[in-house]
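Chemist: Have a look at this one.
Derivation of every value follows stated rules applied to the coordinates shown; laboratory data play no part. Quick caveat, the model's predicted, so the values are computed rather than measured. Quick reminder, even Gly has a Cβ in these numbers, built from the backbone with ideal geometry, and neighbours come from all protein chains shown.
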Amino acid sequence: MKKEITIIGTGYVGLTTGVCLASLGHSIICVDSNREKIKKLRKGEVPIFEPGLAELLESHQANIVFTDDLAEAVKRSQTIFLAVGTPQQNDGSVDLTFFQQAVRQVAQSMHGYKIIVDKSTVPVGTADWVKNEIAKYFKGDFSVVSNPEFLKEGTAVDDFLRPDRVVIGVDKDKKAGEILLDIYSAIDAPKLLTDIKSAELIKYASNAFLATKISFVNEIANICEKTGADILEVAKGIGSDSRIGPKFLKAGIGFGGSCLPKDTAGLIHTALSNNYQPKILQAAQAVNEGQWQIFAEKIRGVLKTNGGDTVGVWGLAFKPDTDDVRYSPAIAIIKELRKDGYKIRVYDPVAQENARAELGEGIIFCASALEAARGTDVLVLATEWPEFLQVDWQELKKTMRSASIADGRNFLPKAELTTDGFNYLGIGRI
Ligand code: UGA
């Protein structure tokens, strides 16, 4: 049944949630305190790079409005999703400032029964805090639900509309659970009704497991290099076991983005604050931090030690199909090589602007992949954008000063490049 829903926060998660729920026929109010963003969204302009999102918004504009008036939005909706950012603090813990502000603003605007849904990634136990906080401002009946998101940047629309599961955490609160099930009724996926704390932990445990899987395969790749095995063969071999599965077994320069590093750190922090040492999670984090450094060392190995050489970098985003450079291993490698004094030329199809803000001066941003390779002594592939496979290898060889390629994602055709006379360095492959 059609529901009136407010979504607070129009970042990757809030906007995708709002637009997708609108596409399911619900009536959505998206709230954000950033007026510029609201103005753009009202004109149908999507401020983030997320394939399919702008098109979906255009076709369901009738079901969605954008506003900065949180109180009015709360008044008009029974269900309120909180989807504001929860960034990482220096000690690995989660910064709940925006989230807590949003909860207080919602509480102060409540006049009748509301369901407050935590969509933001928040540490286990946060829903208890939300209940207590709302009760300070509002004396009537209300429910708090944890409904974590499992959206990958780049495929967020598909992940929302065709998820592996929907998790709904409720405490002895049948009414709220039923309303949430109704909101998601058009989605064909298992719906898991759990208690709130378990739902909160499912989110962290899922991301921490994915992080661990990637660090595991990267560790095996490092062992491959020492022993002469090939990680592509090994990953295929282990991934064919249905208990292990083939996904998230791509070795490379490590996981980045705003989620896997942050949530692994957040879960480690939660465990330590509860007097438990999470050894596997700490190892997954340590392997990831070492992975791009091992690769940077490999790059240095083909360059002159005095820093006079030029390095080309293909890809700046933390993965393809996004303009997000947060915790991108590409950025970490560039910063490291810049310290050594190498000249660095870079190209990314969509993330250049964000990378420029992150990297500042001293980097040459180029208009194409070939341009970034011009006069370089080594070319580094850091993000596996499909357009890099379209490059003419002979032309590339002529463009570069020395034909060395360091492929940080095992993405380029090693056999072809080697035949064409390139010195190819991959991850976990001799
Ligand atoms: C991740 C999770 O996959 C989502 O389920 C979750 O909802 C989301 O975080 C979140 O918490 O919001 P995302 O950060 O968009 O999604 O990106 P992933 O596709 O998980 O990739 C993360 C990093 O791992 C990337 O840097 C990617 O290059 C790397 N990766 C991924 C590998 O190195 N190897 C792989 O096999 C897979």
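Chemist: Quick check on the range 4-193: of the DSSP beta bridges with both residues there, what percent are antiparallel, nearest 5%?
Modeler: Among the beta bridges of the range 4-193, antiparallel pairing accounts for roughly 5 percent.
Chemist: Shifting gears a bit: Give, as a single signed number, the net charge of other residues whose beta carbon lies under 12 Å from the beta carbon of ASP323, with Lys and Arg counted +1 and Asp and Glu -1.
Modeler: Charge balance near ASP323 sits at -4.
Chemist: Moving on to the next point. Can you work out the FRET efficiency for the pair GLN282 and THR305, with r the C-beta to C-beta distance and R0 = 45 Å, to the nearest 0.05?
Modeler: With a Förster radius of 45 Å, E is 0.85.
Chemist: When the Kirkwood hydrodynamic radius is evaluated over all pairs of different C-alpha atoms of the range 4-193, what value in angstrom, to one decimal, is obtained?
Modeler: Taking the inverse mean of 1/r over all distinct Cα pairs, the range 4-193 comes out at 16.7 Å.
Chemist: Just to confirm the number: angle between the C-alpha axis of helix 174-183 and the first principal axis of the chain, 0 to 90 degrees, nearest 10?
Modeler: Its long axis makes an angle of about 50 degrees.
Chemist: Mind pulling the per residue volume of the convex hull built on the Cα atoms of the range 215-425? Å³ is fine.
Modeler: It comes to 137 Å³ per residue, whole-number rounded.
Chemist: Defining a contact as two alpha carbons under 8 Å apart and six or more residues distant in sequence, what relative contact order in percent does the range 215-425 show?
Modeler: With pairs under 8 Å counted, the relative contact order is 18 percent.
Chemist: A further question follows. Select from the range 209-259 those trypsin sites (Lys or Arg not before Pro) which occupy a DSSP coil region and have at most 15 other Cβ atoms within 10 Å, ordered by residue number.
Modeler: ARG243, LYS247
Chemist: Kindly express, to the nearest 10 degrees and within the range 0 to 90, the angle between helix 12-23's C-alpha long axis and the longest C-alpha principal axis of the chain.
Modeler: In the chain, helix 12-23 runs at an angle near 60 degrees to the longest axis.
Chemist: May I pose another question? Net charge within 11 Å of ASN34 by Cβ-Cβ distance, Lys/Arg positive one each and Asp/Glu negative one each, not counting ASN34 itself?
Modeler: +1
Chemist: Related question: Among VAL145, ILE80, SER109, whose Cα projects farthest towards the positive end of the dipole of the range 4-193, with charges put on the beta-carbon of Lys, Arg (+1) and Asp, Glu (-1)?
Modeler: Of the listed residues, the answer is SER109.
Chemist: Go ahead and set up a Gaussian network model of the chain, Cα springs under 10 Å, then flag whichever of ASP159, ASP263, ASP323 fluctuates most.
Modeler: Looking only at ASP159, ASP263, ASP323, the biggest GNM fluctuation is shown by ASP159.
Chemist: For helix 279-301, what angle does its Cα long axis make with the longest principal axis of the chain, in degrees from 0 to 90 and rounded to 10?
Modeler: 30
Chemist: Also, quick follow-up: When the chain is treated as a GNM, springs tying every alpha-carbon pair under 10 Å, which of ILE268, ILE294, ILE64 comes out with the largest mean-square fluctuation?
Modeler: Maximum among the listed residues: ILE294.
Chemist: Hey, another quick one. How big is the antiparallel share of DSSP beta bridges in the chain, given as a percent to the nearest 5?
Modeler: 5
Chemist: Given the range 185-276, what whole percent of its Cα pairs are spread farther than 18 Å?
Modeler: 59
Chemist: Rounded to the nearest Å, what's the spacing between the alpha carbon centres of the range 359-430 and the range 281-315? Just the number, please.
Modeler: Computed from Cα coordinates, the inter-centre distance equals 15 Å.
Chemist: So what are the three principal axis dimensions of the chain from its Cα atoms, in whole Å, longest to shortest?
Modeler: For the chain, the Cα extents along the three principal axes come out at 72, 48, 37 Å.
Chemist: While we're here: Normalised by the residues of the chain, what does the relative contact order come to in percent, with Cα pairs under 8 Å and at least six apart?
Modeler: Relative contact order of the chain: 12 percent.
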